[in-house]
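Asks: What follows is a structure written as structure tokens; I'll ask about it next.
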Amino acid sequence: MKLLTVVGKIILLARTATALNNGLAVTPQMGWDDWNAFGCSLSQNLVLSTANTILKTGLRDLGYHYIILDDCWSSGRTSSNVLIPDANKFPNGMKYLGDQLHAQGFGFGIYSSAGTKTCAGYPGSLGYETVDANTFASWGVDYLKYDNCNNNGQSGSQAASSARYNAMEKALAASGRNILYAICNWGQDSPWIWGPSVGNSWRITGDISDNFNTQNSACPVPNSGGYDCSVTQIMSKQATISQYSAKGGWNDLDMLEVGNGGMSDSEYVAHFSVWAAAKSPLIMGNDMSKLIASDYSILANPAIIAVNQDPLGVAATYRWTRNNVQLWSGPLVSTTGSSVNDQVVVLYNNGGSSTTVSVALSDVFGSSSSVPSSQLEIRDLWGSRLSNSQAQTILNQGASANPSWLYNATAKSYATGLSQGDSMLLGTSIGSVTGASGTIQQTVSGNGCRVFRLRASKASSTSTTTTTTTSSSGQSLQTQWGQCGGQGWTGPTECQSPYTCQVQNDYYSQCK
Ligand SMILES: *[C@@H]1O[C@H](CO)[C@@H](O)[C@H](O)[C@H]1NC(C)=O
């Protein structure tokens, strides 16, 4: 125990020298990006009208903060190498656009590539990191999506890729503006290994397509790169690397396809649910002017978003597949004041037929000995989904017409709402389950998913006597997933056995 703690501290020192420390993406970033629905057809009008809809429909106040311009916004460089926005698409320039977005409470995102050209052939930032980072900062940019096209062969090893992405990180850090850094290198050269010290998120596969279940050979998972990746293919990659996500740095499963028309309602529910539980950034990729009620009520489900924005920042772990149903689960912050963490349980069915599965709590918690003795309430996190008529009313009249239907994270953060057990974040109660021999038996529709939140009542957890353990120095020991270090942290730094204090990044270490 003592030895392990010492090892943890050595790792902390070793990582501190290089870890990214911009304080951003403490929970996965949320927003909208034009690429999935519009490709190169972006413009000032599109961006501002989209932002307006996101604001009016309450999506901004549900957490969708960043409005991101993808590829094809520029038209070249000046003689002093400064990027020029396309004057037809952006007649008032980028500073103006950033000011407009900021005035509406959004963050402003932009795109470039760690290559000589972007993927669509516009100027890339390789070799121009400093001038470009300074230009972005002067426009008020808050977020950079940084692609991997035309990288001049500077890939093929972690050293080559991390050096190329690190050059832009250094330039952003020196720009005088705090800019969220989204690495988009399609999982090449294992960015989940070096990414935490370089960026706030890193893509783990080639681009997503609006497809639930295809095993498309253009997406060579588990290898990196490619394109046309289905939801199921991306999840198969995430299953092997979920443990690398932590506060400040996340596996990015790519932008959402909800609203683009290629999947059924239950497939979009499943897509959104597993992205949320995996702690992927939630970046909408749809045409807001065509948003329909049923897609709105997916994107606007606060009980699912609260899983994504959970203060513990632990991505759900893949457990098993039975009859095409995958079990994913992981800890969430307690919503009852209990010392027992809540748990998210995702049943993801990528087989075509409705299936009833029986899930043992020992599988949910990873082992029998980790199952708490308290009774656990089961909450169905899709149980309080808005009806189509409610969603349509919001789309027609705006969110402010019926404020009680939506959660407002601008007024009350998810962390606060969860600590208060806010009912909008908890779906509906469907029963309870207790102990290592307890099971949850539920039916999952074909190509669909169920999401549950388990929580111990405060009373029952105090009745199971939890003994507070202390170290030899008298310091109290943190339980699993508790914070045990990071910049400014003054709480306990040692963990209860068998957990050790593991560094996630400069400002967060946790007992794992
Ligand atoms: C959410 O709360 C903020 C701050 O109180 C408020 O300005 C905003 O209008 C609210 N949003 C909605 C959709 O009601």
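Asks: Looking at Arg379, Arg450, which is the one that is away from the ligand (no atom under 16 Å from the Cβ) and out of contact with any Ser or Thr (no Cβ under 6 Å at 6 or more places or on another chain)?
Replies: Arg450
Asks: From the residues in region 398-408 that are near the ligand (Cβ under 8 Å from one of its atoms) and not polar (S, T, N, Q), which one is modelled with the lowest pLDDT?
Replies: Checking each candidate, the answer is Pro403.
Asks: Restricting the first residue to region 402-428 and requiring it to be of a type outside the set (Gly, Ala, Ser), which pairs with a second residue that is more than 10 Å from the ligand (Cβ to nearest atom) and part of a strand (DSSP E or B) meet a Cβ separation below 6 Å and a spacing of at least six or different chains?
Replies: Matching pairs, first to second residue: Leu426/Arg379; Thr428/Asp380.
Asks: Go through region 354-375 and give me each residue that's buried (at least 20 other Cβ atoms within 10 Å of the Cβ) and either under 19 Å from Met424 (Cα atoms) or not aliphatic (A, V, I, L, M) (or both).
Replies: Phe365, Pro372, Ser374
Asks: Can you spot a residue in region 497-504 that is assigned to a strand (DSSP E or B), buried (at least 21 other Cβ atoms within 10 Å of the Cβ) and modelled with pLDDT under 80?
Replies: Yes, there is a match, as at least one residue in region 497-504 is assigned to a strand (DSSP E or B), buried (at least 21 other Cβ atoms within 10 Å of the Cβ) and modelled with pLDDT under 80.
Asks: Oh, and also: Quick one: Ser370 ticks every box in (1) under 24 Å from the mean Cα position of the chain (by Cα); (2) away from the ligand (no atom under 16 Å from the Cβ) bar one, so which box is it?
Replies: (1)
Asks: May I pose another question? Scan region 335-346 residue by residue and report those that are touching a helix residue (DSSP H, G or I) at 6+ places or on another chain (Cβ under 8 Å), assigned to a loop (DSSP other than H, G, I, E, B) and not hydrophobic (A, V, I, L, M, F, W, C).
Replies: Thr335, Thr336, Gly337, Ser338, Ser339
Asks: Still on this structure: Can you tell me how many residues in region 401-411 are assigned to a helix (DSSP H, G or I) and within 27 Å of the chain's Cα centre (by Cα)?
Replies: 3
Asks: Right, another one. Counting only residues that are aromatic (Phe, Trp, Tyr) and buried (at least 23 other Cβ atoms within 10 Å of the Cβ), how many does region 118-146 have?
Replies: Final tally of qualifying residues: 3.
Asks: Also: Determine which single condition Met94 fails, assuming it passes every other condition in (1) more than 30 Å from the chain's Cα centre (by Cα); (2) on the phi < 0 side of the Ramachandran plot.
Replies: The failed condition is (1).
Asks: Does region 203-216 include one or more residues that are of a type outside the set (A, V, I, L, M), surrounded by fewer than 19 Cβ atoms within 10 Å (Cβ to Cβ), out of contact with any strand residue (DSSP E or B) (no Cβ under 8 Å at 6 or more places or on another chain) and more than 17 Å from Met263 (Cβ to Cβ)?
Replies: Checking region 203-216: not a single residue is of a type outside the set (A, V, I, L, M), surrounded by fewer than 19 Cβ atoms within 10 Å (Cβ to Cβ), out of contact with any strand residue (DSSP E or B) (no Cβ under 8 Å at 6 or more places or on another chain) and more than 17 Å from Met263 (Cβ to Cβ).
Asks: Within the group Thr416, Thr393, Thr434, which residue is more than 30 Å from Asn213 (Cβ to Cβ), surrounded by fewer than 16 Cβ atoms within 10 Å (Cβ to Cβ) and within 16 Å of the ligand (Cβ to nearest atom)?
Replies: Thr416 is the lone residue from the list that is more than 30 Å from Asn213 (Cβ to Cβ), surrounded by fewer than 16 Cβ atoms within 10 Å (Cβ to Cβ) and within 16 Å of the ligand (Cβ to nearest atom).
Asks: If you take the residues in region 419-431 that are in a helix (DSSP H, G or I) and either among the acidic types (Asp, Glu) or within 16 Å of the ligand (Cβ to nearest atom) (or both), which one is nearest to Asn341 (Cα to Cα)?
Replies: Of everything passing the filter in region 419-431, Leu425 is nearest to Asn341 (Cα to Cα).
The values are calculated or read from the model by the stated rules, or taken from the named source; none is laboratory data. These numbers come from a predicted model, not from an experiment. Counting neighbours? That spans all protein chains shown, and the Cβs are built from the backbone with ideal geometry, glycine included.
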